[in-house]
Amino acid sequence: MTDRIASRFAAIRGRAGLVTFISGGDPTPDLAVPILHALVRGGADLIEIGMPFTDPMADGPAIQAGNIRALGAGMSVRKLLAIVREFRATDEATPLVMMGYLNPVLAYGPGFAADASAAGLDGVILVDLPPEERQELSLEGLHLIRLATPTTDAARLPTVLDGASGFLYYVAVAGVTGQQSAAAADVAAAVRRLKAATDLPVAVGFGVKTPEQAEAIAAHADAVVVGSAIVERIGAAHDRQSNDIPGEVEAFVSTLSRAVRGARKETAA
Amino acid sequence: MPDIQTTKPAALRAGPDANGHFGQFGGRYVAETLMPLILDLEREYEAAKADPAFRAELDYLLKHYVGRPSPLYFAEPLTRHLNGAKIYLKREELNHTGAHKINNCIGQILLAKRMGKTRIIAETGAGQHGVATATVAARFGLPCTIFMGARDIERQAPNVFRMKLLGAEVRSVSSGSQTLKDAMNEALRDWVTNVHDTFYIIGTVAGPHPYPELVRDFQQVIGEEAKAQLLEAEGRLPDVAVAAVGGGSNAIGLFHPFLDDPVELVGIEAAGKGLDTDAHAASLAGGRPGVLHGNKTYLLQDADGQITEAHSISAGLDYPGIGPEHAWLHSIGRVRYEGITDAEALDAFQLLARVEGIIPALESAHAIAWAAKAAPGMAKEKIILVNLSGRGDKDIFTVAAELGVQL
């Protein structure tokens, strides 16, 4: 198996990457593949596709609303894997990671890892599966992307890193998605601390909503994650019955990717 | 003594294991941001258990503030009315704030104080846990925010006002089914955002480890007292002990001290409009194992693992899960779980009011309803111990509406 995540981080060495998040199947499953391609055209280096859940306890209002739209339109893990398969038919390179909660994956059954990796999924982020409960399911053939947070102290960090692969996702603020933003100086210090402990690329997310914020984080991190801001735009476009949601997504993501790519110009030379 | 009767039962009260598992259930399925906090809580709870000063303060408050021990009452008129087994009621509704919930809140706020936390949050369904939390927060001078589903706020107006009188902020939760599970989601979101100063007082034996263990420990005073009281009154143990189960804190509190004894234990799930309909809250009868709110347990869910909405006339039982220790006790067959419908609970609510002059909470009315069904078929020397977990004043509006009475 080619390791798309490692290849992608190797390919963009010298600049920060842009990781974009959408709720899979939001607003409807049939728009998911066009939206994924729009993210890539807009300059996303890696995509997190959210698996909607009725009780997303770590998500703020924007992603909760995205989950409700997608579930209302019949989204499921099975459909998410079909979406991944269809995306892969025309995009072999862009890494795709599923982010979500454990229960829908458990309900899918023990075939999840094999089916997901066959569909072309590269990894998973399971918000409510801490290292302590890792034995709960097999994720063979998939990267297990772990989360580190401002509450992950030096004593706990080795536990988080043990078994982590792909990249490390640093949750920049204690909180839910799409709410407060972290100060760039705090992020820089946290990334330094994490990079001293791991060779994995460090992506930073939570509360990154504007090109300016993305640029500030990109100066310090290997990648910047933007989620709620994209999901909010999808929701707004859906509400006014836009007939080009993918086009609107692409336009917004372009502003993010330009900012992220420009972040290290001043310091690069 | 190599006695199988004592070695096997001893294991029944020994759980959870070091990682918070009861068999395959329980555990710590939380976001990484919360992991260090619950590990910290676990350490602090272990230290508190070993500290005689903690126990002494808890006992003092339970006696002088809560009013423990609560009476064990022989329900003679009800027993005569049913003409069968003797019915004893454990009068948890006579506690300060009118339900068993305060037992746990006193314990947890002492832990919060020990840990130097300065803000309290809690979720509530019927409002009993919210009132109990607001009460102890007032007593200890800590600001307190209670999360409550918008639908529950509507059907439990008296408790909402009580919480406000006690100085708590009541935050309405309008996501999802707007009931207890959504209130818990929102409380978890608040906690993850305010990790440094906030203590989350979970009201039931669910959530991530160590909550199911510590809530149980603080509630088992119910069963311990009842056991001693019944031994004094009758010189023997009950034949059956019965309690209503939502998350399951009053039930585990009653059952746990009897797990090693030859006592039949019956937990009553809310069967709502019937177990053969979609409108019930019986996660053992109608659900399957999954992960929600930090623990693995039986959940009402669809084929895709999405949580489905529970229904019960009683807001306190209106939850699509159940505490993990109950899931385990169910799986090993030590406790039998049965369903009581809204209609049966409503009948029992009125029966107890008329025959005993006691208005029970709709939650507790589920346990009364089971006893009323079982007692007539049992011999007169048999004893049924019922946990009367709360008083029903909060429910009069719901009951009036059900009976077609305009208040």
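The values are calculated or read from the model by the stated rules, or taken from the named source; none is laboratory data. Since we're looking at a predicted model, the values are computed, not measured. No Cβ is skipped: glycine too gets one built from the backbone with ideal geometry, and neighbour counts run over all protein chains shown. Surface accessibility is based on the protein's heavy atoms, side chains included, excluding ligands, DNA and RNA. Shrake-Rupley method; radii C 1.70, N 1.55, O 1.52, S 1.80 Å.
Couple of notes before you dig in:
- Taking every DSSP bridge with both residues inside the protein assembly as shown, close to 20 percent are antiparallel.
- Sites counted here are GluC sites (Glu not before Pro) in a DSSP loop (not H, G, I, E or B) having no more than 16 other Cβ atoms within 10 Å; the longest part of chain A that contains none of them is A:141-269.
- Extension gain for A:A93 to A:R264 (0.36 nm times residue separation, less C-alpha to C-alpha distance): 59.1 nm.
- Of all lysines in the structure, the ones whose alpha carbon falls short of 28 Å from that of A:K195, not counting any fewer than 8 places away in one chain, are A:K209, A:K265.
- Eligible aspartates and glutamates near B:K101 by straight Cα distance, threshold 14 Å, same-chain separation 8 or greater: B:E92, B:E93, B:E123, B:D217, B:E363
- Looking at region B:158-310, the DSSP beta bridges with both ends there are about 50 percent antiparallel.
- Pairs with C-alpha atoms separated by more than 21 Å, drawn from the list B:K227/B:K373; B:K90/B:K373; B:K63/B:K117; B:K90/B:K181, are B:K227/B:K373; B:K63/B:K117; B:K90/B:K181.
- When the alpha carbon gyration tensor of region A:4-268 is reduced to an equivalent ellipsoid, its three semi-axes come out at 25, 23, 17 angstrom, largest first.
- Förster radius 35 Å - calculated FRET efficiency between B:D278 and B:N19, Cβ distance, rounded to 0.05: 0.50
- Trypsin sites (Lys or Arg not before Pro) restricted to region B:200-258 and DSSP loop, no more than 16 other C-beta within 10 Å: B:R236
- Taking GluC sites (Glu not before Pro) across region B:328-407, the ones in a DSSP loop with at most 11 further Cβ atoms lying within 10 angstrom of their Cβ are B:E381.
- Residue order by solvent-accessible surface for A:Y169, A:Y108 is A:Y108, A:Y169, largest first, with ligands and nucleic acids left out and a 1.4 Å probe.
- DSSP loop trypsin sites (Lys or Arg not before Pro) with at most 10 other Cβ within 10 Å excluded, longest remaining stretch of chain A: A:14-239
- Within region B:65-92, backbone nitrogen closer than 19 Å to the virtual label 7 Å beyond the Cα of B:D347 toward Cβ: B:78-85, B:87
- Placing unit charges on each Cβ (+1 for Lys and Arg, -1 for Asp and Glu) gives the protein assembly as shown a dipole about its Cα centre, and among A:H37, B:L231, A:A229 the Cα reaching farthest toward its positive end belongs to A:A229.
- Rounded to 5, the percent of DSSP beta bridges in chain B classed as antiparallel: 30 percent
- Accessible surface, per residue, of region A:4-268 when the full set of protein chains is kept, probe 1.4 Å, Å²: 35 Å²
- Across the protein assembly as shown, the volume of the C-alpha convex hull divided among the residues equals 163 Å³ per residue.
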